[in-house]
Amino acid sequence: MAAARLRSAAAVAVATAIPTAAARRPLLRRAVLLPVPGAARLCLSSCRIPPPRGAPAAMLSSATAEHEAGAWYAVPGLSLREHRFAVPLDHSSPDEGATITVFAREVVAAGKEEASLPYLLYLQGGPGFESPRPMEAGGWLKKACEDHRVVLLDQRGTGLSTPLTASSLSQITSPAKQVEYLKHFRADNIVKDAEFIRIRLVPDAKPWTVLGQSYGGFCAVTYLSFAPEGLKSVLLTGGLPPLGEPCTAQTVYRACFKMVQQQNEKYYKRYPQDIKAIHGIVRYLSESEGGGVVLPSGGRLTPKMLQCLGLAGLGSGGGFERLHYLLERVWDPVLVPGAKRGISYYFLKEFDMWLGFDQNPLYALLHESIYCEGSSSRWSAEKIRSEYESLFDPVKATEEGRPVYFTGEMVFPCMFDEIHALRDLKEAAHLLAEKEDWPPLYDVRKLNNNKVPVAAAVYYEDMYVNFNIAKETASQIAGIRLWVTNEYMHSGIRDGGSHVFEHLMGLLNGKKPLF
């Protein structure tokens, strides 16, 4: 689970959300069959790659889809190529014919296209956000590519992996059928996709290392629970999920609201002038017709929606500064004496871009469902917010002269009224909130007996993945090594250059002593 602004803003490609006959045909363009281990060889044209020798029979029996690999290309310091896999929508019923595309980008240091390197899979935060789009060698990716062949996975439903957007989901006209489709886009199936890919991409189907950021870390713990044979080692950055309850959402949000309150207090200590500025915005919005103003996207900015700026502004490196500078541009200048003051188009447009729900609706649709195993969430964040309503009521805080507290990484029912792209998904969102028959995501017994080397960065002031909950989960994973730090916030893997990656690798390879 991760703040929306920590994800790549790259545009998603158009792909078919509902399987058609064309979608089920093999992905083939004048195929050139590469000998195994072909995954590490230079492909000069698009090609179809068969599963490697030695793949488990159980996986081969369900390998009805094909793998297409593109040609190598370059950005400064890196060589990249693209892979597309046609995978079952429902891995438990692979022969039913419904398939989706899962996209992965293979990345190596320039000149290492044919080098024999161990594989590292990167799982992005979310849910519902695509993997980074490398512009050049830098940060953790540059360091990882010194010794690894990195695979940047667009998790199903994101990026180029049959993206589920407001427009593509509109092809499924029944909310109940939308839910039936969406239920296949959680961590359990992301892990099954990863195993599907590993067996077809990695020479001799060897285990790989997984680096999971935030929600990607949740997926990695699911991986440890159900497919540890595919893992050489695991690195977690701000990504230890809660365990032990049929639905842990209320536990998470109760802890997170306390941390959000602390972050608000720190923000207003740094920028006390913004208390008055926010009061002015809340008054303007609450006094406007309908209690808000229309956004460029067609949605509405209301006082409660204004609070959602905390999602990106309070929990990541540089977030305080970005939020403060955004608030500098709220008002249009009064060019004509006596003209009515209004909120600027600049601010309204930036607000739309900060949230990003219109491009990535999976985040809003599945955010609470990622905590469910055999139980429903029933809008947990909304329920816990009501317990803090005296603190988080924006109009009341303005009337009483108190700071208006922003909210954090929570999804509320009002978003499906006020965000234009989510309105047609409102009924599906309510059905998802009531859905109870979610399958297991973790196996605590398996985690208690874990044999895979695991290293995790746990951020002391993490607003999204609570520190105390993360420590409790770590106590359930045998052999895990923790690095607890307040040097970084939730975005440490992005903000820390190569330091976070190097530190965790040091914990695994013995460069960091046990005591």
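The values are calculated or read from the model by the stated rules, or taken from the named source; none is laboratory data. Small disclaimer: the values here were computed from a predicted structure and weren't measured. Because the Cβ atoms are built from the backbone with ideal geometry, glycine has one as well, and the counts that use them run over all protein chains shown. Protein only, heavy atoms only, side chains kept; ligands, DNA and RNA dropped before computing areas. Shrake-Rupley method; radii C 1.70, N 1.55, O 1.52, S 1.80 Å.
Quick notes
- At q = 0.13, 0.21, 0.22, 0.28 Å⁻¹, base-10 log of I(q)/I(0) for region 337-413 (Debye sum, equal scatterers on each alpha carbon): -0.61, -1.10, -1.12, -1.21
- Compared with the rule-of-thumb size 2.2 N^0.38 Å for a compact globular protein, region 134-225 has a Cα radius of gyration ratio of 1.28.
- Region 317-368, accessible area per residue, ligands and nucleic acids excluded (1.4 Å, Å²): 49
- For residue 247, the amide hydrogen comes within under 5 Å of the amide hydrogens of 373, counting only partners 5 or more places away or on other chains and with H modelled in the peptide plane.
- Note on the chain: helix-only mean residue ellipticity at 222 nm, from DSSP H runs of 4+ residues weighted -39500 (n - 2.57) and normalised by residue number, equals -9500 deg cm²/dmol.
- Gyration tensor verdict on region 383-473 (Cα atoms; rounded if a/c is under 1.5, prolate if a/b is larger than b/c, oblate otherwise): oblate
- Paramagnetic reach from residue 232 (point 7 Å along Cα→Cβ, amide N under 15 Å) across region 103-133: 107-109, 115-122
- Take region 151-205 with all the other protein chains still there, run a 1.4 Å probe, and you get 24 Å² of accessible area per residue.
- Tensor-based shape of region 256-328 (alpha-carbon gyration tensor, a/c under 1.5 rounded, otherwise prolate or oblate): prolate
- Base-10 log of normalised Debye intensity for region 324-365 (one unit scatterer per alpha-carbon) at q = 0.21, 0.26, 0.31 Å⁻¹: -0.72, -0.87, -1.00
- Per-residue Karplus couplings for region 132-149, computed as 6.51 cos²θ - 1.76 cosθ + 1.60 with θ equal to phi - 60°, are listed in order as x, 9, x, 9, 6, 6, x, x, 5, 5, 4, 5, 4, 6, 5, 10, 9, 9 Hz, Gly and Pro entered as x.
- Surface composition of the chain: carbon plus sulfur atoms hold 53% of the accessible area, using a 1.4 angstrom probe and ignoring ligands, DNA and RNA.
- Sequence-distant residues sharing a close amide H with residue 149 (under 5 Å, placed H): 119, 120
- Per residue, in Å², the accessible surface of region 402-499 once ligands and nucleic acids are set aside, probe 1.4 Å: 41
- Region 447-464 - phi-based ³J(HN,Hα) in whole Hz, Karplus 6.51/-1.76/1.60, Gly and Pro as x: 5, 4, 10, 4, 10, 7, x, 10, 10, 9, 8, 10, 8, 4, 10, 6, 7, 9
- Cα-projected label distance for residue 293 with residue 321, points at 7 Å along beta-carbon direction, nm: 2.7
- Zero-based 20 Å bins, Cα pair distances in the chain, whole percents: 23, 55, 21, 1
- Efficiency of FRET between residue 444 and residue 341 - r from beta-carbon atoms, R0 56 angstrom, step 0.05: 0.50
- Residue 283 versus residue 174: modelled label distance in nm, points set 7 Å from Cα along the beta carbon direction: 5.2
- Note, ³J(HN,Hα) from phi for region 67-83, Karplus 6.51, -1.76, 1.60, rounded to Hz, x at Gly and Pro: 10, 10, 10, x, 7, 5, 9, 9, 10, x, x, 9, 10, 9, 8, 9, 10
- Segment residue 399-residue 417, length gained on full extension (0.36 nm per residue, minus Cα span): 4.0 nm
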